[in-house]
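The values are calculated or read from the model by the stated rules, or taken from the named source; none is laboratory data. Given the structure is predicted, the values throughout are model-derived calculations rather than measurements. Reconstructed Cβ throughout: ideal geometry from the backbone, glycine too, with neighbour counts over all protein chains shown. Quick note on the areas: whole protein, heavy atoms, side chains included, nothing else; ligands and nucleic acids left out. Shrake-Rupley method; radii C 1.70, N 1.55, O 1.52, S 1.80 Å.
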Amino acid sequence: MMLSKAIYKCLPQYFTLVLSIVSTSVFAQDVVKYVQPLAGTAVATTASALKHGSGYAASQANTIPAVTTPFAMTQWTPETQATENKCVPPYLYKDSLFYGLRGSHWLSGSCTQDYGSFTIMPITGKLKTTGYQTSFKHTDELLTPYLYQVNLAKYQIQAAVTATPRCGIMQFTMDRADSLYLLVKPNSDYHEGYIKVDAQHGEIYGYNPAHRIYQGWGKSAGFNGFFVIRFQKAAGRAGVFINDKILTTATVKNLPGIGAYMGFKMDKGEKLVISIGTSFTSLEGARRNLNAEMPVFDFDRTVASCKAAWQKALGQINVTTNNVKDKRIFYTAYYHTMQQPRLFNDVDGSYPMFATAYKTAKLKKGNYYDDFSMWDIYRAEIPLYEILKPSFVNDLVSSLIIKGRQGGWMPIFPCWNNYTSEMIGDHTASVISSAYLKGIRDYDVNEAFTLLQHNAFDTPVSKSDYVEGKGRRALYSYLKYHYIPLEDSVPDAFHKKEQVSRTMEYAYDDYAVAQFAKKLNKKADYNALIKRAGYYKNVFDPAAGMARGRYKNGSWIAAYDADKKESYITEGTPRQYTFYVPQDIPGLAQLMGGTNKLESELDSLFLKKEYWHGNEPGHQIPFMYNYTPSPWKTQQQVREILATEYSDGPGGLGGNDDAGQMSAWYMFASMGFYPVNPISGEFLLCSPVFDKIVLKLPHGKVLTISCHKKTKSSAYIYQVKRNGLLNPNNYISYNEIMEGGRIEFFMQDKPDVNWATQAKYQPSGMVR
């Protein structure tokens, strides 16, 4: 369809801005072609997943082939699983039946559940509203971040979808002349959906109420997933249905199996285009989003703009290598880091208030985000975007402050726009403190600190508030005993017990808030919190040389197997969790008996094959050799993990990707630096896998990382230079990265046993 220049002048800023830069030099290198949306949709085939993983949570990466823009409100995916059940993503590689194209809010790479979703299924021939799913093969699919297309042989139709931040547009192309029906279903597993047909105005619209998960599981989340669908062509037939029963009304709600349809007479080769607006505030919000982002039915132009958005985002990092597989893994990982946190506000700034019942508010500036897989992404994904997009991180911090203000407590793991208290720790403290310490501060700093201080020192007076997920779990015990004893089973939490892991993670979070307090000159808070940052020592058993469960009287649990999963450890073993002291690795080494002992304990973990890359608490472990006399072992182990724990096939991600954390680890490690302690601003070095990496930083700065190898297989560092000057340290700082310039790695085939082995060239750990 040809459109006039006048119409194009009316396109929204997002649409025209992206299109205007398609042909610029930014996109000289086509990087989007390396992205493989199927990665992580099959059962994991990596070595540690096969050894340590079990069930969906550990054996699946649980990603979906999402068509979207970076950090968008809604992802568009083929549906092979017609449910919103926990740990069942909308799409699994093993499946062979196609149920439609879904507007999804699945938390990428998680073992959670979809919410507020809806599905559109095309069928030809006679109308049927049950049993319409059809077989398909992966060879029938075209999968990219900006376009999904599938050939449905049974119906002789091509279905395709592309996206803007809040909207989708679909195109259905007929391979024969026939009747075409589009079935629309709100996917409420609680049977609470609503849908209406307005054939006169060419619309189907409705909503799917969201429900909470973890704390308050099953209760209303206080908002809906709204959708408004517009059809390019007038329908010849329209209606609503319940399962296989066609109704005479225009609306249906709160029953199992509800849906709506529109039918069209179509010629061979004819295309039908539909546009879909989504919102979390209202149907009016969905219409506003649709009017702003997709005012015309132009599928091809939207494909081009979506592709351009990905080229711009992915093009912020350019890697040079002759190994195409490594490029595919890298840019697929980069794509996966841009699924969540999720945009939650409409184009006019309206958003559903946090943890409230169907109330909305309006932003004065910026965007509001939700779906923070906080236990995971504070480690590497958020630090990645502190480098690449500080303004985006500022919006994330502002969103967290809004949640704390509206709910009264800073959330632990904010998803579904509610308190969840999922996982353990209080890592919002890390994200906000880290941002502030790195100069990302366009928000109310004092309010941010007050909210973090509240979480760190107080427990809700109201038992009902605590049960709802407000405040730190088991904080009373932590403050009384300086560790959480085994007698406290932490009953009012989704993850119960796990006392040792909680103690260790709270110690890190206290360190994070302490550094924030120090910068604000809040001496009393700093002194109290920095002391608590050392509480990890109270669950370290000197006799065992590892973390161990402890009772109120100070005695250690008698039964002990360092390599067995225990109830007082989160998703792991005592040996694995012993190394979770990111704030004070030198202090941990001292507890063990010195840096040589830390090195031997790390050696033991890897020799026993007890390192589990598929779960986040171990992600810092390979880099901990940089605190020992043998930093070369970090280079060795990281290279091994990159080679064995990531691949370019559907099963090439081990364990849940967890909203991009597994992927962010790959990106950092393959570029040669990693934030073991995000608060410190120190990034520990390893050997990059690429020949050259160019990062386009804010304010026009550029960081170029180059590798000079003695042979093609060289993987061990013997020298590092920054801007031509020798850098003797085995780490670089955030400020050095953000200044741009040149970092050069000089590498050889054998370990350099003298490079950066002295403590003065290594991170210092926790300093009072």
Which of the residues belonging to the stretch 739-762 are of a type outside the set (Lys, Arg) and either at pLDDT below 95 or in a strand (DSSP E or B) (or both)? Gly741, Ile743, Glu744, Phe745, Phe746, Met747, Gln748
Check the stretch 45-64 and report whether any residue there is at pLDDT 95 or above and either in a strand (DSSP E or B) or surrounded by 24 or more Cβ atoms within 10 Å (Cβ to Cβ) (or both). yes
Filtered residue count, the stretch 126-155, keeping only those that are of a type outside the set (Phe, Trp, Tyr), closer than 15 Å to Ala66 by Cβ and assigned to a loop (DSSP other than H, G, I, E, B): 3
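Pull up the stretch 227-237, narrow it to residues that are open to solvent by 60 Å² or more (accessible area, probe 1.4 Å) and touching a helix residue (DSSP H, G or I) at 6+ places or on another chain (Cβ under 9 Å), then point me to the one that is nearest to Lys126 (Cα to Cα).
First, pick out the residues of the stretch 227-237 that are open to solvent by 60 Å² or more (accessible area, probe 1.4 Å): 232-234, 236-237.
Add one more test, that the residue is touching a helix residue (DSSP H, G or I) at 6+ places or on another chain (Cβ under 9 Å), and what stays is 234, 237.
Values: Ala234: 18, Arg237: 12 Å.
Filtering first and then ranking leaves Arg237.
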Only listed residue being in contact (Cβ under 8 Å) with a residue 60 or more places away in the chain and in contact with a Leu (Cβ under 6 Å, 6 or more places away or on another chain), chosen from Val513, Val500: Val513
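Consider the stretch 705-734. How many of its residues are over 20 Å from Val324 (Cα atoms) and either buried (at least 22 other Cβ atoms within 10 Å of the Cβ) or over 26 Å from the mean Cα position of the chain (by Cα) (or both)? Walk me through how you get there before you give the answer.
Going through the stretch 705-734, the residues over 20 Å from Val324 (Cα atoms) turn out to be 710, 716-734.
With either buried (at least 22 other Cβ atoms within 10 Å of the Cβ) or over 26 Å from the mean Cα position of the chain (by Cα) (or both) added as a condition, the list becomes 710, 716-731.
Here the count works out to 17.
Does Ile258 fit the bill of being open to solvent by less than 20 Å² (accessible area, probe 1.4 Å), modelled with pLDDT of 95 or more and under 31 Å from the mean Cα position of the chain (by Cα)? So that I can check it myself, show each step before the final result.
On the way: open to solvent by less than 20 Å² (accessible area, probe 1.4 Å): yes; modelled with pLDDT of 95 or more: yes; under 31 Å from the mean Cα position of the chain (by Cα): no.
Here the answer is no, as Ile258 does not meet what is asked.
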Matching residues in the stretch 678-696 - criterion: being out of contact with any Phe, Trp or Tyr (no Cβ under 6 Å at 6 or more places or on another chain), open to solvent by 10 Å² or more (accessible area, probe 1.4 Å) and either in a strand (DSSP E or B) or charged (D, E, K, R) (or both): Asp691, Lys692, Val694, Lys696
Listed residues Ile432, Ile440; which is touching a Ser or Thr at 6+ places or on another chain (Cβ under 9 Å), among the aliphatic types (A, V, I, L, M) and in contact (Cβ under 8 Å) with a residue 24 or more places away in the chain? Ile440
Are there any pairs, at least 6 apart or on different chains, whose C-beta atoms fall under 6 Å, with the first in the stretch 448-473 and closer than 14 Å to Gly408 by Cβ and β-branched (Val, Ile, Thr) and the second open to solvent by 20 Å² or more (accessible area, probe 1.4 Å) and part of a helix (DSSP H, G or I), and if so, which? Thr459/Tyr476
Restricting the search to the stretch 191-201, which residues are touching a strand residue (DSSP E or B) at 6+ places or on another chain (Cβ under 6 Å) and open to solvent by 20 Å² or more (accessible area, probe 1.4 Å)? Glu192, Tyr194, Lys196, Ala199
Being open to solvent by 10 Å² or more (accessible area, probe 1.4 Å) and among the polar types (S, T, N, Q) narrows it down to one residue among Ser282, Ser305; which is it? Ser282
Given the criteria open to solvent by 10 Å² or more (accessible area, probe 1.4 Å) and either among the aliphatic types (A, V, I, L, M) or touching a Phe, Trp or Tyr at 6+ places or on another chain (Cβ under 9 Å) (or both), does Gly125 qualify? yes
Filtered residues of the stretch 25-44 (kept if of a type in the set (D, E, K, R) and either part of a loop (DSSP other than H, G, I, E, B) or at pLDDT below 70 (or both)): Asp30
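If the requirement is being part of a helix (DSSP H, G or I), touching an Asp or Glu at 6+ places or on another chain (Cβ under 8 Å) and open to solvent by 10 Å² or more (accessible area, probe 1.4 Å), which of these qualifies: Lys633, Lys552?
Numbers: Lys552 fails: part of a helix (DSSP H, G or I).
One residue alone meets the criteria, Lys633.
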Hand me the list of helices (runs of 4 or more DSSP H) wholly inside the stretch 388-472 holding 2 or more residues that are open to solvent by 10 Å² or more (accessible area, probe 1.4 Å) and touching a Gly at 6+ places or on another chain (Cβ under 9 Å). 390-407, 445-457, 463-467
Residue under evaluation Tyr580, criteria (1) touching a residue at least 60 places away in the same chain (Cβ under 8 Å); (2) within 26 Å of Thr46 (Cα to Cα); (3) assigned to a helix (DSSP H, G or I), criterion not met: (3)
Inter-residue pairs, beta-carbon under 7 Å, first open to solvent by 50 Å² or more (accessible area, probe 1.4 Å) and in the stretch 353-373, second among the aromatic types (Phe, Trp, Tyr) and not in a loop (DSSP other than H, G, I, E, B), 6+ apart: Tyr358/Phe223; Thr360/Tyr351
Need the failing condition index for Lys760 against (1) touching a residue at least 24 places away in the same chain (Cβ under 8 Å); (2) under 24 Å from Pro582 (Cβ atoms), just the number. (1)
Do we have any residue at all in the stretch 637-651 that's over 30 Å from Tyr385 (Cβ atoms), at pLDDT 95 or above and in contact with a helix residue (DSSP H, G or I) (Cβ under 7 Å, 6 or more places away or on another chain)? no
Looking across the stretch 128-142 at residues that are open to solvent by less than 40 Å² (accessible area, probe 1.4 Å) and touching a residue at least 60 places away in the same chain (Cβ under 8 Å), the single one that is nearest to Val240 (Cα to Cα) is Thr129
If I go through the stretch 663-705 residue by residue, how many of them are on the phi > 0 side of the Ramachandran plot and either free of Cβ contacts under 8 Å to residues at least 60 places away in the same chain or touching a helix residue (DSSP H, G or I) at 6+ places or on another chain (Cβ under 7 Å) (or both)? 3
So Val240 fits all but one of (1) of a type in the set (Val, Ile, Thr); (2) surrounded by 24 or more Cβ atoms within 10 Å (Cβ to Cβ); (3) touching a helix residue (DSSP H, G or I) at 6+ places or on another chain (Cβ under 7 Å); what number is the exception? (3)
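Check the stretch 210-226 and report whether any residue there is more than 30 Å from His495 (Cα to Cα), open to solvent by 10 Å² or more (accessible area, probe 1.4 Å) and free of Cβ contacts under 8 Å to residues at least 12 places away in the same chain. Let's see the steps before the verdict.
Residues of the stretch 210-226 more than 30 Å from His495 (Cα to Cα): 226.
Right, trim to open to solvent by 10 Å² or more (accessible area, probe 1.4 Å) and you get 226.
If we keep only those that are free of Cβ contacts under 8 Å to residues at least 12 places away in the same chain too, we end up with none.
Checked the stretch 210-226: no residue is more than 30 Å from His495 (Cα to Cα), open to solvent by 10 Å² or more (accessible area, probe 1.4 Å) and free of Cβ contacts under 8 Å to residues at least 12 places away in the same chain.
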